[in-house]
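One structure is given below, encoded as structure tokens.
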Amino acid sequence: MDLSEGIRKKGFRGWYERQLIEAHLFLISGFLCLIMVIASLEEFSLRTPAWETLLRFVAMLGGSALCLWTLKRYLVMLDYAEFAAERSVCEKCAAYGGLDLGGVAAYRARKQDEDEDEEVFAAPVSVRCRKCGHQWTIG
């Protein structure tokens, strides 16, 4: 769920809480994949039948790839949630998290990963403080 949709449906605090829960579920999933890889590695032997050796090898490769993907997803989600949380404090009255949607900006920001060719899009969101009415943009 993106930031503007989250603020509209659950409010900022609800969106932030949900982002942290989802991110930590990815972390737990990655940890479980790592345990599976270690268990497969422990029983890996070339003396066993070929099909069992191949199955363990595929499980180790798949589990490793899934572990790395879930760790990356965890870090991206956590980083985005913290980025939004740092910018959710009103500059005028210092209220935290009491935001209403002020409209979504018309452009999309691009963040290019240096490691990969994949682009991450995050639309800047215009928000308004419920307490004093001050407007600013998160994103």
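The values are calculated or read from the model by the stated rules, or taken from the named source; none is laboratory data. Just so we're clear, the structure is a prediction, and the values are computed from it rather than from any experiment. Here the Cβ positions follow ideal geometry from the backbone for every residue, glycine too, while neighbour counts run over all protein chains shown. To get the accessible areas, we keep the full protein, side chains included, count just its heavy atoms, and leave off ligands, DNA and RNA. Shrake-Rupley method; radii C 1.70, N 1.55, O 1.52, S 1.80 Å.
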Accessible area (Å², per residue) of the chain, counting only protein heavy atoms and a probe of 1.4 Å: 67 Å²
Residue-averaged 222 nm ellipticity for the chain, from DSSP H runs of 4+ at -39500 (n - 2.57), nearest 500: -20500 deg cm²/dmol
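Order these peptides, 4-17, 75-88, 38-51, by their mean beta-carbon neighbour count within 10 angstrom, highest first. All intermediate terms of the calculation are to be shown ahead of the outcome.
Values: 4-17: 17.5, 75-88: 15.9, 38-51: 10.6.
Averaged packing, sorted descending, gives the order 4-17, 75-88, 38-51.
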Between 0 and 90°, nearest 10: helix 50-86 axis offset from the chain longest Cα axis: 10 degrees
Segment 1-81: projected area of the alpha-carbon convex hull, averaged over directions, in nm²: 5.7 nm²
Accessible surface of the chain [probe 1.4 Å, protein heavy atoms]: carbon and sulfur percent: 59 percent
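Total Lys pairs in the chain closer than 22 Å by alpha-carbon, pairs eight or more apart in sequence or interchain only? Could the numbers behind the result be given before it?
Numbers: LYS9/LYS131; LYS10/LYS131; LYS72/LYS111; LYS92/LYS131.
Pairs that pass both the separation and distance tests number 4.
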Shape of the chain, Cα gyration tensor, a/c cut at 1.5: prolate
Average Cα contact separation per residue, the chain, under 8 Å, 6 or more apart, as relative contact order %: 23 percent
Angle in degrees between helix 3-42 and the longest Cα principal axis of the chain, rounded to the nearest 10: 10 degrees
Counted charge near LEU66, where neighbours are those whose Cβ lies closer than 13 Å (Asp, Glu -1; Lys, Arg +1): +2
